[in-house]
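Please read the structure below before turning to the comments.
The values are calculated or read from the model by the stated rules, or taken from the named source; none is laboratory data. Remember, it's a predicted structure, so these values are computed and weren't measured experimentally. Cβ placement follows ideal geometry from the backbone for every residue including glycine, while neighbour counts extend to all protein chains displayed. To get the accessible areas, we keep the full protein, side chains included, count just its heavy atoms, and leave off ligands, DNA and RNA. Shrake-Rupley method; radii C 1.70, N 1.55, O 1.52, S 1.80 Å.
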Amino acid sequence: MNRKTIFVDVLLPLALPNAYTYRVPLELNDWAQEGVRALVPFGKNKFYTALIKRVHENPPQAYEAKYVEEILDSKPIVNPIQFSFWDWISAYYLCTVGEVMSAALPSGLKLSSETKLMLNDAIDFEKENIKELSDKEYLLLEAIQIRKVLSYSEASEIVNLKNPQSIIRQLLIKSYLSLNEEIKERYKPKIISYVKLHDAYQNNDQALQQVFEQLERKAFKQLELLLFYLKNADDEKTQHATRWVKRSTLLAHFDSTVINALIKKEIFVQQDFEIGRLEESSATQLPKKLSSAQQKALDEIQDAFTSKEIVLLHGLTGSGKTEVYCSLIEQALAQGKQVLYLLPEIALTTQLVGRIKRYFGDRAGVYHSRFSENERVEVWNAVLPPDKKDNSFNQQQHHIVIGARSALFLPFNNLGLIIVDEEHDTSYKQYDPAPRYHARDAALYLASLHGAKVLLGTATPSIESYYLAQQKKYGLVELKERYGAVALPAIELIDIRAEEKGKEEVISNTLYEKIKKSLDKKEQVILFQNRRGFAPYTECFACKHIPHCVQCDVSLIYHKATQKLTCHYCGYTTIPPKTCAACGSPDLRYRGFGTQKIEEEIELLFPQAKVKRMDVDATRSKHAHKQIIDAFDNQEIDILVGTQMLSKGLDFDNVALVGILQADHLLGYPDFRAHEKAFQLMMQVSGRAGRKKQGTVLIQTTQPQNPVLSWVLNNDYQKMYQHLLAERQEHLYPPFARLFSFVFIHKDIDLLTHACDWFATQMRAVFSQRVLGPQSPLVSKVKNEYYKQVLLKVERSYSANTTRQLVQKILFDFRTDKLLSKVRVKIDVDFY
């Protein structure tokens with residue numbers, strides 16, 4: 001045993017600026033190593049799962065080190081590259097490493113500490129004169145005497161109070177209670193019981209024959225079970241050499257007493273195994289043969305990788321970029337490398353995963369937030385290097401991981417290729433909580449740590465990425481031909497001003513006729529509206545009053561399924577009023593339309609068609625995305641209505657028509673990227689049409705002369721890029737500047753204003769005219785808290801490290817001021 005005095009610097013999943021140092025008990029010295037979890041006390045009574053970042057022999061100078069309670073792992077679950085990656089995210093996005101750790105580790109790898117209420121052992125309740133107690137105090141004390149231990153939630157139910165803290169505090173003051181912290185392991189391996197023939201009868205026909213004869217005379221049911229086992233031992237997808245069969249398989253046909261009898265006679269052996277929850281699959285299909293255009297793109301990518309670490313693949317929608325990705329994945333796997341395939345949305349993974357699994361089988365794994373705690377831990381473990389000592393029944397290894405942005409944090413140790421599909425997509429940006437990172441940009445740094453290559457793929461590159469490719473920082477490869485030489489969809493604009501005539505119609509006459517013709521031909525239709533709910537707002541026809549959320553500065557959205565007005569910011573709901581709160585008029589009307597209203601109206605217009613909606617409200621369950629996409633792919637749905645989920649790389653052969661119902665809403669948003677986003681979204685949605693033959697896209701608008709619609713009409717990415725790049729250069733926006741957003745939040749508007757003014761003044765003293773604000777954002781009040789914003793716009797030529805150091809100093813002064821520190825600050829770097 002190592003007898004030295006050892007200390008460890010650990011990361012805690014808290015917003016702490018520094019690592020914290022603990023002393024390791026002598027008996028745990030040999031277990032202390034970088035990258036393993038440790039259970040440590042922090043604060044008065046709390047315990048946390050910490051990660052050991054450094055092992056050393058130097059005690060802290062400013063405080064006495066507490067002892068580590070327990071080392072939780074026998075081998076590291078986080079590697080040095082991950083620690084370096086976390087440090088970079090913390091520094092670049094101006095957050096703490098603890099916040100990065102909290103986002104990176106699956107919650108199943110974090111032990112939770114729960115406070116338990118117990119009787120005070122020092123008091124003899126039989127002899128003690130009970131002091132005066134209130135009814136609820138007596139009720140709670142009596143319950144603890146009976147149950148011995150209670151959690152806070154159980155105490156809350158007993159006294160029928162949401163927060164029982166005041167009652168518990170009184171019992172603590174009167175010395176009747178003590179508190180204890182119970183540590184709970186959140187990850188629970190899936191354990192399954194298996195049964196097999198005893199070794200004495202394995203490959204011993206003579207001994208087995210004697211068993212048959214014995215059972216035939218005395219226990220015919222047991223003989224039936226033995227014969228059933230022998231048949232199924234070869235059929236089960238288990239380790240055939242050991243001939244294990246699930247006990248549950250036998251229980252489906254035989255009573256447990258029969259199984260137990262054979263175990264007692266030592267004819268059967270039973271053993272429990274840890275089994276993975278992840279679906280098993282085998283490769284069933286070779287990747288498609290590349291077309292000449294795809295092969296040319298692949299060759300150019302490989303050539304670019306000889307001199308560039310990052311390559312941008314600009315390929316038309318439907319050009320077959322996924323097949324090019326698969327060829328690159330094959331090459332990376334042949335070199336013994338791991339591959340990370342990033343996608344912007346969970347919805348996109350459902351269709352793509354099936355294709356990748358068919359090509360690569362169990363070598364490919366999936367990781368995203370819809371997985372359970374236990375599934376996420378198992379994917380994490382499947383990416384770790386294999387443990388030769390692991391005796392679990394099913395130790396999967398994933399060499400390819402397909403996932404949304406959180407997949408960046410998996411413990412890769414030999415990453416060779418990162419593919420960022422739909423690299424332009426805003427879903428790669430994490431907004432809340434911290435770290436507010438951009439997965440595409442973070443992927444570039446992660447690749448540099450591994451020495452891996454990065455392929456950015458999209459039909460509509462972000463202006464920043466295309467600019468870097470034009471500047472020769474990235475390689476650039478263009479795939480300008482759709483797979484199968486299918487023509488791009490024909491795009492038409494519909495000026496709905498000419499058709500509406502004062503009425504608010506969901507679909508124009510032109511779009512109605514096109515839908516009807518498509519349905520007559522047994523073709524499918526996609527209708528796009530980037531607004532969920534039934535109606536965006538309710539308006540009094542007499543005085544134009546609009547009901548707003550009582551806690552937020554936004555109008556309430558009507559959801560017909562629940563028949564309630566709902567706030568999409570705080571979740572507040574209320575029954576729709578029957579009369580106007582301002583003037584008393586009963587003439588209240590729902591204005592605008594969301595996906596729910598469109599779905600309802602389309603069902604009325606086309607009663608024979610099968611209509612389905614795909615938005616956040618319709619896809620809350622774990623497998624809802626997959627069920628809708630599979631049903632549409634199998635042509636069980638005729639018309640699919642949805643939000644931007646529909647725009648993200650989905651591939652449907654039978655879609656002949658796409659309708660964009662309100663293009664104006666995409667064009668008018670007050671954001672310097674509004675026109676770029678509108679172009680990308682409309683082009684991506686349009687790309688869902690005509691994968692096998694030329695399709696049609698109809699765009700409803702009141703602004704047919706808008707230049708963005710002209711670019712979409714002509715599929716003219718270059719004109720869009722040149723026009724918007726010139727605007728950004730003139731007004732100093734990315735890619736010519738870095739943007740920092742500081743949002744201040746507090747319930748007291750006067751304190752908030754004071755704090756914002758102080759911060760802006762300090763920032764202007766350093767950065768002068770580069771500081772904008774303070775100003776109120778579009779939504780200036782959420783959950784009864786007011787919001788104000790200060791922006792910092794710094795040209796690219798200015799040192800990024802110097803900028804961050806100066807900002808950190810001002811933030812430090814802000815957070816250490818007794819009054820100002822009461823105001824919360826949300827920092828967002830590259831918030832676009």
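Things to note:
- If you go through the range 298-324 and keep only what is in contact with a Phe, Trp or Tyr (Cβ under 7 Å, 6 or more places away or on another chain) and closer than 29 Å to Ala487 by Cβ, you end up with Val311, Leu312, Gly318, Ser319, Gly320.
- Within the range 409-438, considering residues that are assigned to a helix (DSSP H, G or I) and modelled with pLDDT under 95, the one surrounded by the most Cβ atoms within 10 Å (Cβ to Cβ): Tyr428
- In the set (1) modelled with pLDDT under 75; (2) loosely packed, with under 12 Cβ neighbours inside 10 Å, the condition left unmet by Ser256 is number (1).
- Considering only residues in the range 479-488 that are within 32 Å of the chain's Cα centre (by Cα) and open to solvent by less than 30 Å² (accessible area, probe 1.4 Å), the one that is modelled with the lowest pLDDT turns out to be Arg482.
- Of residues in the range 448-478 being in contact with an Asp or Glu (Cβ under 7 Å, 6 or more places away or on another chain) and of a type in the set (A, V, I, L, M), the one surrounded by the fewest Cβ atoms within 10 Å (Cβ to Cβ): Ile463
- Of the residues making up the range 447-476, those that are closer than 21 Å to Tyr832 by Cα and aliphatic (A, V, I, L, M) are Leu456, Ala459, Ile463, Leu468, Ala469.
- Filtered by the rule that a residue be open to solvent by 50 Å² or more (accessible area, probe 1.4 Å), of a type outside the set (Phe, Trp, Tyr) and in a loop (DSSP other than H, G, I, E, B), the range 639-670 gives Asp653, Gly668, Pro670.
- Within the range 2-55, considering residues that are at pLDDT 85 or above and of a type in the set (Phe, Trp, Tyr), the one surrounded by the most Cβ atoms within 10 Å (Cβ to Cβ): Tyr22
- For the range 74-83, the tally of residues that are exposed (fewer than 14 other Cβ atoms within 10 Å of the Cβ) and in a helix (DSSP H, G or I) stands at 1.
- Test: Ser821 is among the small types (Gly, Ala, Ser) and surrounded by 12 or more Cβ atoms within 10 Å (Cβ to Cβ): yes
- Residue list for the range 87-112, restricted to those being part of a loop (DSSP other than H, G, I, E, B) and within 18 Å of Arg405 (Cβ to Cβ): Tyr93, Cys95, Leu105, Pro106
- Of all residue pairs spaced 6 or more apart or on separate chains, none has beta-carbon atoms under 8 Å together with a first member in the range 51-73 that is at negative phi and in a strand (DSSP E or B) and a second member that is surrounded by fewer than 14 Cβ atoms within 10 Å (Cβ to Cβ) and at pLDDT below 90.
- Residues that are open to solvent by 40 Å² or more (accessible area, probe 1.4 Å) and over 17 Å from Ile496 (Cα atoms) within the range 692-712 comprise Lys692, Lys693, Gln694, Pro707, listed in sequence order.
- The number of residues in the range 498-522 being open to solvent by less than 50 Å² (accessible area, probe 1.4 Å) and at pLDDT 90 or above comes to 4.
- Lone unmet requirement of (1) in a loop (DSSP other than H, G, I, E, B); (2) surrounded by 16 or more Cβ atoms within 10 Å (Cβ to Cβ); (3) modelled with pLDDT of 90 or more; (4) not β-branched (Val, Ile, Thr) for Tyr786: (1)
- Applying a threshold of 6 Å to beta carbon distances and a minimum spacing of six or more residues, or different chains, the list of pairs starting in the range 534-553 at a residue that is farther than 14 Å from Val779 by Cβ and ending at one that is open to solvent by 60 Å² or more (accessible area, probe 1.4 Å) and of a type in the set (A, V, I, L, M) reads Cys543/Ala582; His545/Ala582.
Okay, residues lined up against (1) open to solvent by 30 Å² or more (accessible area, probe 1.4 Å); (2) touching a Leu at 6+ places or on another chain (Cβ under 7 Å); (3) modelled with pLDDT of 85 or more:
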position: Glu330; (1), (2), (3): yes, no, yes
position: Gln338; (1), (2), (3): no, yes, yes
position: Arg358; (1), (2), (3): yes, no, no
position: Glu378; (1), (2), (3): no, yes, no
position: Leu384; (1), (2), (3): no, no, yes
